[in-house]
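Structure, as C-alpha coordinates:
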Amino acid sequence: MDKYLYWLANVSGLGTASRECLLEAFDTGAAVYAAQEKHLAMVLEKVKLEKLLEKRKTWDLDREYARLQERQILFVCTADAEYPERLRHIPDHPFGIYYKGRLPQPPKLAVAVVGARECSDYGRFIATELGKELGAAGVQVISGMARGIDGISQLAALEAGGESYAVLGNGVDICYPKGNRPVYDRMLVQGGILSIYPPGTAPKPQLFPPRNRIVSGLADVLVVVEARQKSGTLITVDMALEQGREVYAVPGRITDRLSDGCNKLVKDGALVFLSPRDFMEGLRQSFPEKLACCVTKQPVSSGGRVLPPITPEEAVVLEALDLYPQPLEKIREQLQVKLTERGFRTFSNNLLTILMHLCLKGVAKQNSPGWFSLDI
(Lines give C-alpha, C1' and ligand atoms only; values in the text may rest on other atoms or scores of the structure.)
Protein backbone atom coordinates (compact mmCIF):
# COMPACT_ATOMS: atom_id res chain seq x y z
CA MET A 1 0.00 0.00 0.00
CA ASP A 2 1.44 3.35 -1.11
CA LYS A 3 0.57 6.51 0.86
CA TYR A 4 1.02 8.66 -2.25
CA LEU A 5 -1.42 6.58 -4.26
CA TYR A 6 -3.82 6.74 -1.31
CA TRP A 7 -3.54 10.53 -1.43
CA LEU A 8 -4.12 10.58 -5.19
CA ALA A 9 -7.25 8.45 -4.78
CA ASN A 10 -8.65 11.06 -2.39
CA VAL A 11 -8.25 14.04 -4.69
CA SER A 12 -11.87 14.95 -5.45
CA GLY A 13 -12.91 15.71 -9.01
CA LEU A 14 -10.41 13.31 -10.60
CA GLY A 15 -11.73 10.23 -12.36
CA THR A 16 -9.89 7.00 -12.96
CA ALA A 17 -8.73 8.16 -16.39
CA SER A 18 -7.15 11.36 -15.02
CA ARG A 19 -5.37 9.52 -12.22
CA GLU A 20 -4.05 6.88 -14.60
CA CYS A 21 -2.85 9.59 -17.00
CA LEU A 22 -0.90 11.18 -14.16
CA LEU A 23 0.74 7.88 -13.28
CA GLU A 24 1.54 7.23 -16.91
CA ALA A 25 3.19 10.64 -17.16
CA PHE A 26 5.06 10.61 -13.83
CA ASP A 27 5.40 6.87 -13.23
CA THR A 28 4.76 6.83 -9.45
CA GLY A 29 2.41 8.38 -6.91
CA ALA A 30 5.38 9.99 -5.15
CA ALA A 31 6.45 11.62 -8.43
CA VAL A 32 2.95 13.00 -8.96
CA TYR A 33 2.97 14.41 -5.44
CA ALA A 34 6.33 16.08 -5.97
CA ALA A 35 5.72 17.33 -9.53
CA GLN A 36 5.83 21.03 -10.31
CA GLU A 37 2.60 22.82 -11.18
CA LYS A 38 3.73 23.57 -14.73
CA HIS A 39 4.37 19.90 -15.38
CA LEU A 40 1.06 18.83 -13.86
CA ALA A 41 -0.69 21.41 -16.06
CA MET A 42 0.48 19.46 -19.11
CA VAL A 43 -1.71 16.54 -17.99
CA LEU A 44 -4.64 18.07 -16.12
CA GLU A 45 -7.12 20.75 -17.07
CA LYS A 46 -7.26 23.84 -14.85
CA VAL A 47 -10.13 22.87 -12.53
CA LYS A 48 -8.70 19.43 -11.83
CA LEU A 49 -5.22 20.85 -11.36
CA GLU A 50 -6.48 23.31 -8.74
CA LYS A 51 -8.14 20.53 -6.78
CA LEU A 52 -4.99 18.41 -6.84
CA LEU A 53 -2.81 21.32 -5.66
CA GLU A 54 -5.27 22.12 -2.88
CA LYS A 55 -5.28 18.51 -1.72
CA ARG A 56 -1.50 18.49 -1.70
CA LYS A 57 -1.51 21.47 0.65
CA THR A 58 -4.16 20.23 3.06
CA TRP A 59 -3.63 16.44 3.11
CA ASP A 60 -1.33 15.18 5.86
CA LEU A 61 0.21 12.16 4.17
CA ASP A 62 1.69 10.43 7.20
CA ARG A 63 -1.25 11.09 9.52
CA GLU A 64 -3.90 9.91 7.05
CA TYR A 65 -1.85 6.86 6.11
CA ALA A 66 -1.38 5.96 9.79
CA ARG A 67 -5.12 6.33 10.45
CA LEU A 68 -5.88 3.91 7.65
CA GLN A 69 -3.46 1.36 9.07
CA GLU A 70 -4.80 1.77 12.60
CA ARG A 71 -8.25 0.79 11.34
CA GLN A 72 -6.73 -2.24 9.61
CA ILE A 73 -8.01 -1.05 6.25
CA LEU A 74 -6.05 -1.88 3.12
CA PHE A 75 -6.03 0.03 -0.15
CA VAL A 76 -5.17 -1.15 -3.64
CA CYS A 77 -5.30 0.76 -6.93
CA THR A 78 -4.82 0.07 -10.63
CA ALA A 79 -1.08 0.68 -10.28
CA ASP A 80 -0.80 -2.33 -7.96
CA ALA A 81 -0.42 -5.93 -9.07
CA GLU A 82 -2.92 -6.95 -6.37
CA TYR A 83 -5.72 -4.94 -7.97
CA PRO A 84 -8.55 -7.38 -8.93
CA GLU A 85 -7.87 -8.49 -12.49
CA ARG A 86 -11.56 -8.86 -13.32
CA LEU A 87 -12.11 -5.16 -12.62
CA ARG A 88 -9.33 -3.92 -14.91
CA HIS A 89 -11.39 -4.76 -17.99
CA ILE A 90 -14.82 -3.38 -17.06
CA PRO A 91 -16.10 0.00 -18.31
CA ASP A 92 -15.51 2.79 -15.79
CA HIS A 93 -13.36 0.63 -13.55
CA PRO A 94 -12.57 2.21 -10.16
CA PHE A 95 -9.11 3.63 -9.53
CA GLY A 96 -8.92 2.20 -6.03
CA ILE A 97 -10.53 -0.35 -3.74
CA TYR A 98 -10.58 -0.18 0.05
CA TYR A 99 -10.90 -3.51 1.78
CA LYS A 100 -10.74 -5.44 5.03
CA GLY A 101 -9.97 -9.14 5.09
CA ARG A 102 -8.78 -10.14 1.64
CA LEU A 103 -9.59 -9.64 -2.04
CA PRO A 104 -11.27 -12.27 -4.27
CA GLN A 105 -8.77 -14.75 -5.70
CA PRO A 106 -8.32 -14.36 -9.50
CA PRO A 107 -7.97 -18.05 -10.49
CA LYS A 108 -11.08 -19.18 -8.62
CA LEU A 109 -14.62 -19.02 -9.95
CA ALA A 110 -16.76 -16.19 -8.55
CA VAL A 111 -20.57 -15.97 -8.64
CA ALA A 112 -22.58 -12.87 -7.74
CA VAL A 113 -25.97 -13.49 -6.13
CA VAL A 114 -28.40 -10.57 -5.99
CA GLY A 115 -32.10 -10.02 -5.43
CA ALA A 116 -34.89 -8.40 -3.50
CA ARG A 117 -34.46 -7.03 0.00
CA GLU A 118 -38.04 -7.89 0.90
CA CYS A 119 -37.82 -11.44 -0.40
CA SER A 120 -40.39 -14.22 -0.12
CA ASP A 121 -39.93 -17.61 1.56
CA TYR A 122 -39.36 -19.00 -1.93
CA GLY A 123 -36.55 -16.49 -2.57
CA ARG A 124 -35.06 -17.11 0.86
CA PHE A 125 -35.02 -20.85 0.21
CA ILE A 126 -33.36 -20.52 -3.21
CA ALA A 127 -30.76 -18.05 -1.90
CA THR A 128 -29.95 -20.34 1.01
CA GLU A 129 -29.63 -23.49 -1.09
CA LEU A 130 -27.59 -21.71 -3.76
CA GLY A 131 -25.27 -20.19 -1.17
CA LYS A 132 -24.76 -23.59 0.46
CA GLU A 133 -24.00 -25.24 -2.89
CA LEU A 134 -21.50 -22.56 -3.92
CA GLY A 135 -19.86 -22.43 -0.51
CA ALA A 136 -19.50 -26.21 -0.32
CA ALA A 137 -17.91 -26.21 -3.80
CA GLY A 138 -15.42 -23.49 -2.81
CA VAL A 139 -16.90 -20.99 -5.30
CA GLN A 140 -16.46 -17.36 -4.23
CA VAL A 141 -19.81 -15.65 -3.56
CA ILE A 142 -19.98 -11.92 -4.32
CA SER A 143 -22.83 -9.66 -3.26
CA GLY A 144 -23.70 -6.39 -1.55
CA MET A 145 -24.52 -7.75 1.94
CA ALA A 146 -27.91 -6.06 1.65
CA ARG A 147 -30.92 -7.24 3.60
CA GLY A 148 -32.74 -10.11 1.89
CA ILE A 149 -31.30 -12.23 -0.91
CA ASP A 150 -27.77 -10.74 -0.81
CA GLY A 151 -27.06 -11.36 2.86
CA ILE A 152 -28.94 -14.67 2.97
CA SER A 153 -26.89 -16.19 0.14
CA GLN A 154 -23.63 -14.91 1.60
CA LEU A 155 -24.33 -16.25 5.09
CA ALA A 156 -25.29 -19.65 3.64
CA ALA A 157 -22.01 -19.79 1.70
CA LEU A 158 -20.02 -18.93 4.82
CA GLU A 159 -21.84 -21.52 6.91
CA ALA A 160 -21.03 -24.11 4.25
CA GLY A 161 -17.36 -23.40 4.86
CA GLY A 162 -16.96 -21.25 1.75
CA GLU A 163 -15.82 -17.70 1.20
CA SER A 164 -17.77 -14.57 0.38
CA TYR A 165 -17.02 -10.93 -0.45
CA ALA A 166 -19.27 -7.94 0.16
CA VAL A 167 -19.11 -4.76 -1.91
CA LEU A 168 -20.58 -1.99 0.23
CA GLY A 169 -22.24 1.29 -0.70
CA ASN A 170 -20.38 2.97 2.18
CA GLY A 171 -16.99 2.81 3.86
CA VAL A 172 -15.64 -0.63 4.78
CA ASP A 173 -15.44 0.45 8.42
CA ILE A 174 -19.24 0.76 8.61
CA CYS A 175 -21.49 -2.31 8.81
CA TYR A 176 -24.66 -1.59 6.88
CA PRO A 177 -27.26 -2.84 7.42
CA LYS A 178 -26.51 -3.30 11.12
CA GLY A 179 -28.60 -6.47 11.18
CA ASN A 180 -26.00 -8.20 8.99
CA ARG A 181 -23.22 -7.75 11.54
CA PRO A 182 -22.73 -11.54 11.90
CA VAL A 183 -22.22 -11.79 8.12
CA TYR A 184 -19.84 -8.79 8.14
CA ASP A 185 -17.71 -10.20 10.98
CA ARG A 186 -17.56 -13.65 9.44
CA MET A 187 -16.50 -12.33 6.04
CA LEU A 188 -13.47 -10.68 7.63
CA VAL A 189 -12.23 -14.22 8.29
CA GLN A 190 -13.71 -16.13 5.34
CA GLY A 191 -13.47 -13.48 2.64
CA GLY A 192 -13.45 -9.71 2.59
CA ILE A 193 -15.32 -6.40 2.78
CA LEU A 194 -14.74 -4.08 -0.19
CA SER A 195 -15.72 -0.54 -1.15
CA ILE A 196 -14.86 2.12 -3.69
CA TYR A 197 -15.66 4.76 -1.06
CA PRO A 198 -13.18 6.08 1.55
CA PRO A 199 -13.45 4.94 5.17
CA GLY A 200 -16.06 6.82 7.14
CA THR A 201 -18.37 7.28 4.14
CA ALA A 202 -21.94 6.90 5.40
CA PRO A 203 -24.48 4.85 3.40
CA LYS A 204 -26.56 7.06 1.08
CA PRO A 205 -29.04 5.98 -1.62
CA GLN A 206 -27.00 7.55 -4.44
CA LEU A 207 -23.90 5.55 -3.52
CA PHE A 208 -25.41 2.10 -4.03
CA PRO A 209 -26.03 2.01 -7.82
CA PRO A 210 -22.35 2.79 -8.66
CA ARG A 211 -21.14 -0.04 -6.44
CA ASN A 212 -23.33 -2.52 -8.36
CA ARG A 213 -20.87 -2.51 -11.27
CA ILE A 214 -18.21 -3.74 -8.84
CA VAL A 215 -20.43 -6.62 -7.64
CA SER A 216 -20.94 -7.86 -11.19
CA GLY A 217 -17.42 -6.91 -12.24
CA LEU A 218 -15.82 -9.14 -9.62
CA ALA A 219 -17.90 -12.13 -10.70
CA ASP A 220 -17.85 -14.50 -13.66
CA VAL A 221 -21.59 -15.16 -13.40
CA LEU A 222 -24.55 -13.24 -11.97
CA VAL A 223 -27.63 -14.97 -10.51
CA VAL A 224 -30.82 -12.98 -9.89
CA VAL A 225 -33.03 -14.75 -7.37
CA GLU A 226 -35.99 -12.36 -7.00
CA ALA A 227 -36.62 -8.91 -8.50
CA ARG A 228 -39.64 -6.77 -9.16
CA GLN A 229 -40.32 -5.29 -12.59
CA LYS A 230 -38.71 -1.99 -11.57
CA SER A 231 -35.91 -2.99 -9.25
CA GLY A 232 -32.44 -1.75 -8.38
CA THR A 233 -31.31 -5.33 -8.89
CA LEU A 234 -31.91 -4.93 -12.62
CA ILE A 235 -29.29 -2.13 -12.66
CA THR A 236 -26.75 -4.77 -11.69
CA VAL A 237 -28.03 -7.00 -14.51
CA ASP A 238 -27.52 -4.23 -17.08
CA MET A 239 -23.98 -3.69 -15.84
CA ALA A 240 -23.24 -7.42 -15.87
CA LEU A 241 -24.38 -7.69 -19.50
CA GLU A 242 -22.28 -4.67 -20.44
CA GLN A 243 -19.30 -6.37 -18.79
CA GLY A 244 -19.91 -9.59 -20.72
CA ARG A 245 -20.94 -11.69 -17.71
CA GLU A 246 -23.33 -14.63 -17.87
CA VAL A 247 -26.69 -13.84 -16.26
CA TYR A 248 -29.02 -16.45 -14.73
CA ALA A 249 -32.54 -15.70 -13.48
CA VAL A 250 -34.65 -17.77 -11.11
CA PRO A 251 -38.14 -18.03 -12.65
CA GLY A 252 -41.22 -17.68 -10.47
CA ARG A 253 -45.02 -17.68 -10.60
CA ILE A 254 -46.47 -15.23 -13.10
CA THR A 255 -48.76 -13.87 -10.38
CA ASP A 256 -45.86 -13.15 -8.02
CA ARG A 257 -44.70 -9.55 -8.32
CA LEU A 258 -41.32 -10.44 -6.80
CA SER A 259 -40.72 -12.68 -9.82
CA ASP A 260 -41.77 -10.17 -12.50
CA GLY A 261 -38.22 -8.95 -13.05
CA CYS A 262 -36.74 -12.45 -13.22
CA ASN A 263 -39.46 -13.74 -15.55
CA LYS A 264 -38.85 -10.83 -17.91
CA LEU A 265 -35.11 -11.55 -17.86
CA VAL A 266 -35.86 -15.13 -18.90
CA LYS A 267 -38.13 -13.84 -21.68
CA ASP A 268 -35.35 -11.52 -22.84
CA GLY A 269 -32.81 -14.34 -23.06
CA ALA A 270 -31.26 -14.79 -19.63
CA LEU A 271 -30.14 -18.29 -18.70
CA VAL A 272 -32.71 -20.13 -16.58
CA PHE A 273 -31.79 -21.19 -13.06
CA LEU A 274 -33.59 -24.49 -12.41
CA SER A 275 -31.79 -25.77 -9.33
CA PRO A 276 -28.43 -25.37 -7.57
CA ARG A 277 -27.34 -28.75 -8.92
CA ASP A 278 -28.29 -27.88 -12.50
CA PHE A 279 -26.58 -24.49 -12.12
CA MET A 280 -23.36 -26.11 -10.91
CA GLU A 281 -23.41 -28.43 -13.91
CA GLY A 282 -23.63 -25.37 -16.16
CA LEU A 283 -20.62 -23.85 -14.37
CA ARG A 284 -18.62 -27.04 -14.88
CA GLN A 285 -19.24 -26.79 -18.61
CA SER A 286 -18.56 -23.05 -18.91
CA PHE A 287 -15.71 -22.61 -16.41
CA PRO A 288 -13.98 -25.98 -15.92
CA GLU A 289 -10.54 -24.49 -15.18
CA LYS A 290 -11.75 -21.86 -12.73
CA LEU A 291 -13.99 -24.34 -10.95
CA ALA A 292 -11.06 -26.73 -10.68
CA CYS A 293 -9.22 -24.04 -8.70
CA CYS A 294 -11.98 -24.08 -6.07
CA VAL A 295 -11.58 -26.28 -3.03
CA THR A 296 -14.56 -28.48 -2.17
CA LYS A 297 -15.91 -27.77 1.29
CA GLN A 298 -17.91 -29.93 3.68
CA PRO A 299 -21.52 -28.71 3.86
CA VAL A 300 -22.85 -27.45 7.18
CA SER A 301 -26.31 -26.54 8.36
CA SER A 302 -27.58 -23.05 9.14
CA GLY A 303 -26.56 -23.67 12.73
CA GLY A 304 -22.97 -24.28 11.72
CA ARG A 305 -22.87 -28.06 12.34
CA VAL A 306 -21.61 -30.49 9.71
CA LEU A 307 -24.53 -32.23 8.04
CA PRO A 308 -24.58 -36.02 7.87
CA PRO A 309 -24.11 -37.33 4.31
CA ILE A 310 -27.22 -37.67 2.17
CA THR A 311 -27.64 -41.13 0.61
CA PRO A 312 -28.52 -41.41 -3.11
CA GLU A 313 -32.02 -42.64 -2.23
CA GLU A 314 -32.53 -39.76 0.21
CA ALA A 315 -31.35 -37.30 -2.44
CA VAL A 316 -34.03 -38.50 -4.87
CA VAL A 317 -36.73 -38.17 -2.20
CA LEU A 318 -35.44 -34.71 -1.34
CA GLU A 319 -35.90 -33.64 -4.97
CA ALA A 320 -39.62 -34.40 -4.68
CA LEU A 321 -40.11 -32.07 -1.73
CA ASP A 322 -41.24 -28.48 -2.10
CA LEU A 323 -41.23 -25.34 -0.03
CA TYR A 324 -44.97 -25.93 0.43
CA PRO A 325 -46.11 -28.91 2.55
CA GLN A 326 -47.28 -32.01 0.67
CA PRO A 327 -49.03 -35.16 1.91
CA LEU A 328 -47.13 -38.43 1.96
CA GLU A 329 -49.19 -39.97 -0.84
CA LYS A 330 -48.53 -37.08 -3.21
CA ILE A 331 -44.80 -37.38 -2.58
CA ARG A 332 -45.06 -41.12 -3.22
CA GLU A 333 -46.81 -40.55 -6.57
CA GLN A 334 -44.15 -38.10 -7.72
CA LEU A 335 -41.40 -40.53 -6.80
CA GLN A 336 -42.88 -43.61 -8.46
CA VAL A 337 -41.40 -43.09 -11.92
CA LYS A 338 -38.25 -41.25 -10.81
CA LEU A 339 -37.13 -43.85 -8.29
CA THR A 340 -37.87 -46.77 -10.60
CA GLU A 341 -35.80 -45.19 -13.36
CA ARG A 342 -32.89 -44.76 -10.96
CA GLY A 343 -33.00 -48.35 -9.74
CA PHE A 344 -34.58 -47.91 -6.31
CA ARG A 345 -37.32 -50.51 -5.77
CA THR A 346 -37.99 -50.46 -2.02
CA PHE A 347 -39.04 -46.91 -1.34
CA SER A 348 -42.77 -47.75 -1.07
CA ASN A 349 -42.08 -49.57 2.18
CA ASN A 350 -39.68 -47.10 3.75
CA LEU A 351 -40.59 -43.68 2.30
CA LEU A 352 -41.76 -42.43 5.70
CA THR A 353 -38.51 -43.62 7.27
CA ILE A 354 -36.47 -41.78 4.63
CA LEU A 355 -38.46 -38.60 5.19
CA MET A 356 -37.90 -38.81 8.94
CA HIS A 357 -34.17 -39.27 8.36
CA LEU A 358 -34.17 -36.15 6.18
CA CYS A 359 -35.95 -34.27 8.96
CA LEU A 360 -33.31 -35.39 11.46
CA LYS A 361 -30.59 -34.21 9.07
CA GLY A 362 -32.14 -30.76 8.98
CA VAL A 363 -33.06 -30.63 5.28
CA ALA A 364 -36.77 -31.52 5.56
CA LYS A 365 -39.47 -30.95 8.13
CA GLN A 366 -42.78 -32.51 9.11
CA ASN A 367 -45.35 -29.73 9.15
CA SER A 368 -48.14 -31.93 10.51
CA PRO A 369 -48.73 -35.69 10.63
CA GLY A 370 -48.12 -37.07 7.12
CA TRP A 371 -47.24 -33.66 5.59
CA PHE A 372 -43.64 -32.77 4.68
CA SER A 373 -41.73 -29.86 3.11
CA LEU A 374 -38.19 -28.63 2.62
CA ASP A 375 -36.64 -27.07 5.70
CA ILE A 376 -35.36 -23.56 4.92
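The values are calculated or read from the model by the stated rules, or taken from the named source; none is laboratory data. Bear in mind the structure is a predicted one, so any value in this text is a computation, not a measurement. Note that we place each Cβ from the backbone using ideal geometry, even for glycine, and neighbour counts take in every protein chain shown. Surface areas here come from the heavy atoms of the whole protein model, side chains and all, with no ligands, DNA or RNA. Shrake-Rupley method; radii C 1.70, N 1.55, O 1.52, S 1.80 Å.
Taking the conditions exactly as written (under 18 Å from the mean Cα position of the chain (by Cα), among the small types (Gly, Ala, Ser) and in a helix (DSSP H, G or I)), does residue 259 satisfy them or not? No.
Candidates in the stretch 101-124 are the residues that are touching a strand residue (DSSP E or B) at 6+ places or on another chain (Cβ under 8 Å) and assigned to a loop (DSSP other than H, G, I, E, B); of these, the one that is surrounded by the most Cβ atoms within 10 Å (Cβ to Cβ) is 115.
Close Cβ contacts (under 6 Å, 6 or more residues apart or on different chains) running from residues in the stretch 61-90 that are part of a helix (DSSP H, G or I) to residues that are exposed (fewer than 13 other Cβ atoms within 10 Å of the Cβ) comprise 85/106.
Counting only residues that are open to solvent by 60 Å² or more (accessible area, probe 1.4 Å) and part of a helix (DSSP H, G or I), the stretch 311-337 holds 8 of them. Limited to the stretch 258-288, what total is found for residues that are in contact (Cβ under 8 Å) with a residue 12 or more places away in the chain, closer than 22 Å to residue 116 by Cα and either of a type in the set (Asp, Glu) or loosely packed, with under 14 Cβ neighbours inside 10 Å (or both)? Number satisfying all stated conditions: 1. Restricting the stretch 42-54 to residues that are open to solvent by less than 50 Å² (accessible area, probe 1.4 Å) and without any contact (Cβ under 8 Å) to a residue 40 or more places away in the chain leaves a set whose member that is farthest from residue 198 (Cα to Cα) is 44.
Here is a yes/no grid of residues against (1) more than 20 Å from residue 98 (Cβ to Cβ); (2) of a type outside the set (Phe, Trp, Tyr); (3) under 31 Å from the mean Cα position of the chain (by Cα); (4) modelled with pLDDT under 95:
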| position | (1), (2), (3), (4) |
| --- | --- |
| 2 | no, yes, yes, yes |
| 8 | no, yes, yes, no |
| 13 | no, yes, yes, yes |
| 18 | no, yes, yes, no |
| 44 | yes, yes, no, no |
| 52 | yes, yes, no, no |
| 55 | no, yes, no, no |
| 62 | no, yes, no, yes |
| 68 | no, yes, yes, yes |
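Within the stretch 166-178, does at least one residue satisfy the condition of being open to solvent by less than 10 Å² (accessible area, probe 1.4 Å), in contact with an Asp or Glu (Cβ under 8 Å, 6 or more places away or on another chain), touching a residue at least 12 places away in the same chain (Cβ under 8 Å) and among the β-branched types (Val, Ile, Thr)? Looking for residues that are open to solvent by less than 10 Å² (accessible area, probe 1.4 Å), in contact with an Asp or Glu (Cβ under 8 Å, 6 or more places away or on another chain), touching a residue at least 12 places away in the same chain (Cβ under 8 Å) and among the β-branched types (Val, Ile, Thr), one finds none in the stretch 166-178, hence no.
From the list 98, 33, 65, the lone residue that is closer than 17 Å to residue 11 by Cβ and open to solvent by less than 20 Å² (accessible area, probe 1.4 Å) is 98. Among the residues of the stretch 336-359, write down those that are under 14 Å from residue 315 (Cα atoms), hydrophobic (A, V, I, L, M, F, W, C) and at pLDDT below 80. Passing the criteria: 339, 344, 347.
A quick yes/no check of all residues on (1) of a type in the set (Asp, Glu); (2) out of contact with any strand residue (DSSP E or B) (no Cβ under 9 Å at 6 or more places or on another chain); (3) open to solvent by 30 Å² or more (accessible area, probe 1.4 Å):
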| residue | (1), (2), (3) |
| --- | --- |
| 2 | yes, no, yes |
| 9 | no, no, no |
| 25 | no, yes, yes |
| 29 | no, no, no |
| 38 | no, yes, yes |
